[in-house]
Amino acid sequence: MTKRLNVGGVGLGGGAAVTIQSMCNTKTEDVAATVHQIHRLEEAGCEIVRVTVPTMEAAKAVSAIREQISIPLVADIHFDHRLAIEAAERGADKIRINPGNIGGEANVKAVAETCRRKNVPIRIGVNGGSLEKELLAKHGGVTAEALVESALGHVALLNRYDFDDICLSVKSSNVPVNMAAYRLLAERTDYPLHLGVTEAGTPSMGVIKSAMGIGGLLCLGIGDTLRVSLTADPVEEVYAAKKILKAAGLRKGVNLISCPTCGRTQYDMIPLVEELEKRLSDCDKDITVAVMGCVVNGPGEASAADVGIAGGKGEGLLFSKGKILRRMPEDQLLDALLEEIDRL
Ligand code: SF4
């Protein structure tokens with residue numbers, strides 16, 4: 001079990017539900033645009049949001065943003081400890097910074113002292129693309145060992161100033177390296193882990209890499225919070241994260257199963273399933289719903305489904321747990337299924 005952190009009232013680690021994070025791509029200095037984007041992310045299901053803090057103006061904007069949103073706010077800082085201190089003073093709920101990169105012991109001490117006084121946890125976020133040169137040379141490139149050694153080096157710096165309110169990430173754009181690094185880290189520490197595959201790309205490939213790299217670890221019981229990184233509207237990251245959590249069995253919601261169709265399929269099943277998926281996207285019932293392509297094999301193959309339909313030529317069946325409930329014309333199948341789901 002990992003250590004439990006408190007990020008602005010949201011539990012992180014120690015058995016708390018795995019949280020969904022995303023990151024704004026607005027200019028943080030533009031408070032109105034950033035708040036607007038965070039509201040969209042909140043509505044989509046984002047539970048912790050991060051903004052970049054590259055300037056003192058952005059650090060000062062943290063308080064105004066924080067006042068207008070209702071989920072915890074994380075300030076992402078590189079190199080400049082003064083920005084971390086300002087963001088923490090201004091109400092950031094967590095800071096992401098790598099203490100080895102902020103210019104020496106005095107700066108680390110100052111950040112640790114401010115964050116301790118303000119009860120602000122720190123995420124150490126190691127990325128394959130920005131590993132220390134010595135570690136790259138020692139390990140012969142971006143390896144799981146190198147990522148973990150870097151993260152633990154940063155941890156030691158904070159621990160020296162008695163700071164232990166830490167979570168860790170060791171992201172790589174290479175999925176197998178990413179997974180190996182997190183597995184190693186989970187063996188070596190009990191700090192909560194923030195999962196992600198960095199620079200995962202556009203949604204078409206990025207979602208697959210994230211489903212493997214993040215979802216695979218979640219299935220092994222590793223990970224306390226996650227961000228899916230996509231080159232897209234960040235709202236897409238939240239939708240992908242929700243699907244990954246659902247597939248890993250960590251979130252409630254409809255489990256929609258549907259057969260791949262084959263030569264036995266005699267109705268227009270693909271658009272029906274797409275429509276059903278849209279209509280069920282906000283349904284949080286913990287049920288399995290099936291859409292099958294033929295009446296011969298469908299009800300039997302989907303016997304585990306709480307409710308389902310199987311189409312034939314011009315007509316189809318509504319079934320539950322493998323038992324046929326009703327037979328009806330094909331154009332009534334979708335409505336009958338939705339009514340049955342409503343009743344559950
Ligand atoms: Fe083919 Fe029927 Fe199986 Fe679907 S359920 S793949 S239509 S045999």
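Derivation of every value follows stated rules applied to the coordinates shown; laboratory data play no part. Keep in mind that what you see is a predicted model, and the values were worked out from it rather than measured. Counting neighbours? That spans all protein chains shown, and the Cβs are built from the backbone with ideal geometry, glycine included.
Computed values, structure above
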quantity	calculated
Alpha carbon centroid spacing (whole Å) that separates segment 203-218 from segment 24-55	23
Three-way shape label, segment 214-270, alpha-carbon gyration tensor, a/c 1.5	prolate
Computed Kirkwood radius, in angstrom, where 1/r is averaged over Cα pairs of segment 3-48	11.8
Where Cα atoms sit under 21 Å apart: lysine pairs in segment 1-135 separated by 8 or more or lying on different chains	9
Hydrodynamic radius of segment 149-286 per Kirkwood, over alpha carbon pairs, in Å	17.0
Charged-residue dipole, Cβ positions (Lys, Arg, Asp, Glu), the chain about Cα centre, Debye nearest 20	660
Burial ordering of PHE319, PHE79, fewest other beta-carbon atoms within 10 Å first	PHE79, PHE319
Listed peptides 311-317, 117-123 by packing density, highest first (mean Cβ within 10 Å)	117-123, 311-317
Cα→Cβ-extended label distance, 7 Å offset, between ILE208 and ALA137, nm	3.8
Ascending count of other beta-carbon atoms within 10 Å, so fewest first, for ARG82, ARG96	ARG82, ARG96
Quotient of C-alpha Rg and 2.2 N^0.38 Å, computed over segment 275-344	1.00
Three-way shape call for the chain based on the alpha-carbon gyration tensor, with the a/c threshold at 1.5	prolate
Residue exposure sequence - ILE341, ILE65 - by fewest surrounding Cβ within 10 Å	ILE341, ILE65
Value of [θ]222 nm, deg cm²/dmol, for the chain, DSSP H segments ≥ 4, -39500 (n - 2.57) each, nearest 500	-13000 deg cm²/dmol
Relative contact order computed over segment 165-265 (Cα-Cα under 8 Å; 6+ residues apart), in percent	24
Antiparallel DSSP beta bridges within the chain, percent to nearest 5	30
Relative contact order [Cα under 8 Å, 6+ residues apart], the chain, whole percent	12
Candidate lysines for bridging to LYS321, where Cα separation is under 29 Å - those fewer than 8 sequence places away on the same chain excluded	LYS242, LYS243, LYS246, LYS252, LYS278, LYS285, LYS313
q = 0.11, 0.17, 0.22 Å⁻¹, segment 26-116: log10 I(q)/I(0) [Debye, one scatterer per Cα]	-0.29, -0.64, -0.98
